[in-house]
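Below is one structure, written out as structure tokens, with a few remarks after it.
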Amino acid sequence: MNRTQIIETKDLVGKEVNLFGWVNVRRDQGKIIFIDLRDRSGVVQMVFVPSNKELFGLAEKLRSEWVIRVKGLVKERPEKMINPNVPTGKIEIEPLELEILNEAETPPIALDTDGYEIGEESRMTYRYLDLRRQRLLKNFSKRHEMVLFIRNWLSGKGFLEVETPILTKSTPEGARDYVVPSRLYPGKFYALPQSPQQYKQLLMVAGIEKYFQIARCFRDEDTRGDRQPEFTQLDLEMSFVEREDVIDLNEKLLIDLVDSVCPEKKIQEIPFPRISYKEAMEKYNTDRPDMRKDKDDPDLLAFCWVVDFPFFEKTDNGWTFTHNPFSAPKPEHMDDLINQKNISEILTTQYDVVLNGWEIGGGSIRNHKPEALGAVFKVMGFDKKRIEENFGHMLRALKYGAPPHGGIAWGFDRLVSVLQNEPNIREAIAFPKTGDARDLMMGSPSELEPEQLKELHIKIDSNRQ
């Protein structure tokens, strides 16, 4: 059964078409019934008249969100009935056949608005309905275009897309890990990756040289603003590079991505301006400065690079890293790192790319020699046993001819949301969690059956509040 996409009907005047979709709107005007039919590609108007009693009788039954098939004739609208606001506004469908494929209950949330006015709990509970609105369909169409462009662009530059494990090892990298109990090894746990950081570096040791991945990442963070417990990164790593090589490649990719996928957007300044962390904090009081000259222009994109971050920051118990422990210091600070001197003055090779006040990516050149990486852990106060338990695999790998390497990870959900002028990343994620990390649609997190807990050798402390 050949199907015609609704958007195609605008170019098929005088042709018969076979349309499938949802009843978007029904309007009764006198003895005529107007039905707007919707599929992913768009909306088209159909006109049912009483002279065809059988079809008209079926049309009288139709309600919003019913799923139907319509065979019909594409006709030009009378000039006074043209709707210039929709792509199919110059045509309408004269139905020849109507088949009801499925009825629908009245939706519990409005679907004919942009959805911003609806509470988060309602939208997330009925997300499969919420996703029907045209705004969200456009977001995911754009997201798909961006992923496809990035894959093709990086492939053309010699990058290989390599998948890395989801079940991995818990190591201290910043946020809390999500952990997965092992049934086969009682008392032991896997962790879900906060990022593919270690694996992508190990791929450089393996000789892949240019790697990327559209990677799923997981972080068990406290409820805080516009965060999600699982999210997507564009992750990439390159061998035999310096900071400028990675920055240059990513800047070109971002420029080409905007030009190709979002041509209506204007990049404020090319090349992207550079600003040190110190200058950003002094001038803007943030390391994510919004450098737009006109903040009322939704299509203006002000990219910038923030560089020269402090490597370490003081804590109550000593020192910790500001970004991740695998970064290399700037070359002129390597001796201080190795000799554990002037810790507060050591600057890292970290670079963040910022867009309109949002950090959309961050990376660094890595320590490719084991003594340099080991020095980082010593600054943080790790003893030899802990270093071996948490990072022995990395230190061993670097002993076998690890090339100089560096990379970056983009917050892909954030980038999509900014380019689509959305207020938060939930609008760019198909099935996001609520702000407090619940999935109201599926009902998770949820309790396990006693038998499952027994298999996993887990006991719940019922006294804990």
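The values are calculated or read from the model by the stated rules, or taken from the named source; none is laboratory data. Small disclaimer: the values here were computed from a predicted structure and weren't measured. Cβ atoms come from the backbone with ideal geometry, glycine included; neighbour counts cover every protein chain shown. Please note that ligands, DNA and RNA were not included when accessible areas were found on the heavy atoms of the full protein model with its side chains. Shrake-Rupley method; radii C 1.70, N 1.55, O 1.52, S 1.80 Å.
Val379 meets the conditions (1) farther than 17 Å from Glu237 by Cβ; (2) crowded, with 21+ Cβ neighbours inside 10 Å; (3) of a type in the set (A, V, I, L, M) in every case but one. The failed one is (2).
Among the residues making up segment 51-76, those that are modelled with pLDDT of 95 or more and basic (Lys, Arg) are Lys61, Arg63, Arg69, Lys71, Lys75. Residues of segment 439-465 that are in contact (Cβ under 8 Å) with a residue 60 or more places away in the chain and closer than 19 Å to Arg216 by Cα: Asp439 alone. Taking segment 275-306 as the range and being within 30 Å of His368 (Cα to Cα), open to solvent by less than 60 Å² (accessible area, probe 1.4 Å) and without any contact (Cβ under 8 Å) to a residue 60 or more places away in the chain as the test, the residues that pass are Ile275, Ser276, Ala280, Phe303, Cys304, Trp305, Val306. Among the residues of segment 188-220, the ones that are part of a loop (DSSP other than H, G, I, E, B) and either open to solvent by less than 60 Å² (accessible area, probe 1.4 Å) or within 18 Å of Ser327 (Cβ to Cβ) (or both) come to 7 in all. Residues of segment 51-65 that are open to solvent by 40 Å² or more (accessible area, probe 1.4 Å) and either aromatic (Phe, Trp, Tyr) or over 25 Å from Pro108 (Cα atoms) (or both): Ser51, Asn52, Lys53, Glu54. One residue alone among Glu173, Glu117 is modelled with pLDDT of 95 or more, open to solvent by 30 Å² or more (accessible area, probe 1.4 Å) and not in a helix (DSSP H, G or I), and that residue is Glu117. When each of Ser276, Ser344 is tested for being of a type in the set (S, T, N, Q) and within 14 Å of Val379 (Cα to Cα), the lone residue that passes is Ser344. Ile166 meets the conditions (1) farther than 15 Å from Ile429 by Cα; (2) open to solvent by less than 40 Å² (accessible area, probe 1.4 Å) in every case but one. The failed one is (2). In a residue-by-residue description of segment 311-318, the property of being in a loop (DSSP other than H, G, I, E, B) and either of a type in the set (A, V, I, L, M, F, W, C) or within 23 Å of the chain's Cα centre (by Cα) (or both) applies to at least one position. Report yes if Met1 is among the hydrophobic types (A, V, I, L, M, F, W, C) and modelled with pLDDT of 95 or more, otherwise no. Here the answer is no, as Met1 does not meet what is asked.
Kindly establish whether Phe48 is buried (at least 19 other Cβ atoms within 10 Å of the Cβ), at pLDDT 95 or above and of a type in the set (A, V, I, L, M, F, W, C). Yes.
The residue that is surrounded by the fewest Cβ atoms within 10 Å (Cβ to Cβ), among those in segment 324-364 that are under 18 Å from Phe391 (Cβ atoms) and of a type outside the set (S, T, N, Q), is Ile338.
Within segment 182-197, count every residue that is polar (S, T, N, Q) and more than 21 Å from the chain's Cα centre (by Cα).
1
Of the helices (runs of 4 or more DSSP H) lying entirely inside segment 360-465, the ones with 3 or more residues being modelled with pLDDT under 95 are found at 370-379, 384-398, 450-455. Take the conditions (1) under 41 Å from the mean Cα position of the chain (by Cα); (2) surrounded by fewer than 16 Cβ atoms within 10 Å (Cβ to Cβ); (3) not aromatic (Phe, Trp, Tyr); Gln29 misses just one of them, which is (1). Do we find a residue being over 18 Å from Ile408 (Cβ atoms) and among the hydroxyl-bearing types (Ser, Thr, Tyr) anywhere in segment 323-336? No, because not a single residue in segment 323-336 is over 18 Å from Ile408 (Cβ atoms) and among the hydroxyl-bearing types (Ser, Thr, Tyr). In segment 324-349, the residues that are more than 27 Å from Pro196 (Cβ to Cβ) and at pLDDT 90 or above form Cβ pairs under 6 Å with partners that are part of a loop (DSSP other than H, G, I, E, B) and open to solvent by 60 Å² or more (accessible area, probe 1.4 Å), at six or more places apart or across chains, as follows: Asp336/Asn342.
Would you mind stating whether Ile68 is in contact (Cβ under 8 Å) with a residue 12 or more places away in the chain, more than 25 Å from the chain's Cα centre (by Cα) and surrounded by 15 or more Cβ atoms within 10 Å (Cβ to Cβ)? Judged against the criteria, Ile68 is a match.
Selection of segment 32-45 for residues being of a type in the set (Gly, Ala, Ser) and open to solvent by 20 Å² or more (accessible area, probe 1.4 Å) yields only Ser41.
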